[in-house]
Amino acid sequence: MPVRENVVIRTVSRLAVPFIQVFALYVIVHGASGAGGGFQGGVVFAASFVLMVIAFGLGSVRKRIDNRGFMICSVLGIFAYAGIGFLCLLFAGNYLEYGAIEAALGIPHLHGLLIDVVEAGIGINVMAVMTSIIYDIAEQRGKSL
Amino acid sequence: MKKLALIAVLFIGIILFWAVEDMPAFGDPEAPATRYTGELYIRSALHDVGIENIVTAILASYRGFDTLGEVVVIFTAGISVSLLLRRGGCL
């Protein structure tokens with residue numbers, strides 16, 4: 001059952017969801033220089049979708065992004081990771097040898113930036129898979145949730 | 001049956017507590033886990049990878065292929081759950 005009639009939960013989650021999502025992006029981007037990373041940030045991002053499903057119901061969240069969109073997102077996350085690996089092959093390195101791109105282009109700190117892209121791919125993949133599972137479970141328990 | 005289970009639990013518990021004595025002390029610099037590869041990573045991670053977080057350096061750079069496999073495992077698990085729970089529907 002959606003808690004559609006409870007105005008407190010709806011208002012609080014409407015306020016909290018943007019902050020949770022910004023915090024998730026911070027955790028993903030901060031993975032190279034502090035505590036954080038793609039797996040943790042992806043789970044925090046998925047938690048914001050879970051809060052939206054609880055507060056507004058599955059139907060209204062699914063209007064914004066549906067199962068198909070999440071599946072495309074998860075594939076894109078893996079492609080971002082594996083694509084960086086193949087990019088290293090193009091610059092005459094081993095698979096996932098980021099140092100080859102940095103040496104070929106001569107840009108300093110490119111190694112860390114490529115790790116950020118890889119972490120973002122992990123985060124997108126984890127977020128999409130977690131939310132897709134939550135969608136399936138919520139649908140299984142009856143169409144109304 | 002319950003008594004047998006209790007005896008088994010106590011037996012395994014005593015063995016585990018017995019083994020605790022042999023574990024290294026918390027934060028011991030001479031422990032085997034911190035002496036060989038750990039010291040190597042701490043010395044060379046910033047120079048090799050160029051980022052401050054050693055955990056991310058190991059996860060995404062030294063062990064990058066392993067992490068790619070982990071991400072594929074998560075993706076496969078998501079596909080499997082979708083196929084099990086969403087019978088007959090399309091992905």
Search the range A:124-142 for residues that are modelled with pLDDT under 95 and pair each with any residue that is assigned to a loop (DSSP other than H, G, I, E, B) when their beta-carbon atoms are under 8 Å apart and the residues are at least 6 apart or on different chains.
A:136/B:86; A:138/A:145; A:139/A:145; A:139/B:86
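What's the total number of residues in the range A:88-112 that are surrounded by 17 or more Cβ atoms within 10 Å (Cβ to Cβ) and facing another protein chain (nearest Cβ under 10 Å)?
Residues in the range A:88-112 being surrounded by 17 or more Cβ atoms within 10 Å (Cβ to Cβ) and facing another protein chain (nearest Cβ under 10 Å): 9 in total.
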State whether one or more residues within the range A:115-127 are crowded, with 20+ Cβ neighbours inside 10 Å, of a type in the set (Val, Ile, Thr), at the interface with chain B (Cβ under 9 Å from one of its Cβ atoms) and within 11 Å of the chain's Cα centre (by Cα).
yes
Look at the range A:29-60 and say how many of its residues are over 16 Å from the mean Cα position of the chain (by Cα) and hydrophobic (A, V, I, L, M, F, W, C).
7
Heads up, the helices (runs of 4 or more DSSP H) in the range A:25-106 (entirely inside) with at least 1 residues that are touching a residue at least 60 places away in the same chain (Cβ under 8 Å) are A:38-56, A:58-64, A:67-90
Does the range B:65-76 include one or more residues that are within 11 Å of chain A (Cβ to nearest Cβ), touching a Phe, Trp or Tyr at 6+ places or on another chain (Cβ under 9 Å), part of a helix (DSSP H, G or I) and more than 30 Å from residue A:137 (Cα to Cα)?
yes
Going by the conditions given, is residue B:31 of a type in the set (A, V, I, L, M, F, W, C) and surrounded by 13 or more Cβ atoms within 10 Å (Cβ to Cβ)?
yes
Return the only residue of B:79, B:58, B:54 being surrounded by 13 or more Cβ atoms within 10 Å (Cβ to Cβ), more than 7 Å from chain A (Cβ to nearest Cβ), under 15 Å from the mean Cα position of the chain (by Cα) and in contact (Cβ under 8 Å) with a residue 12 or more places away in the chain.
B:58
Selected residue (only one of A:45, A:70, A:56 is more than 13 Å from chain B (Cβ to nearest Cβ), over 26 Å from residue B:51 (Cα atoms) and surrounded by 18 or more Cβ atoms within 10 Å (Cβ to Cβ)):
A:56
For residue A:132, all conditions in the list (1) facing another protein chain (nearest Cβ under 7 Å); (2) more than 12 Å from the chain's Cα centre (by Cα) hold save one; what is the number of the exception?
(2)
So residue A:33 passes all but one of these: (1) away from chain B (no Cβ under 14 Å); (2) touching an Asp or Glu at 6+ places or on another chain (Cβ under 8 Å). Which condition number does it fail?
(1)
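The values are calculated or read from the model by the stated rules, or taken from the named source; none is laboratory data. Small disclaimer: the values here were computed from a predicted structure and weren't measured. Note that each Cβ is placed from the backbone with ideal geometry, even for glycine, and that neighbours are counted across all protein chains shown.
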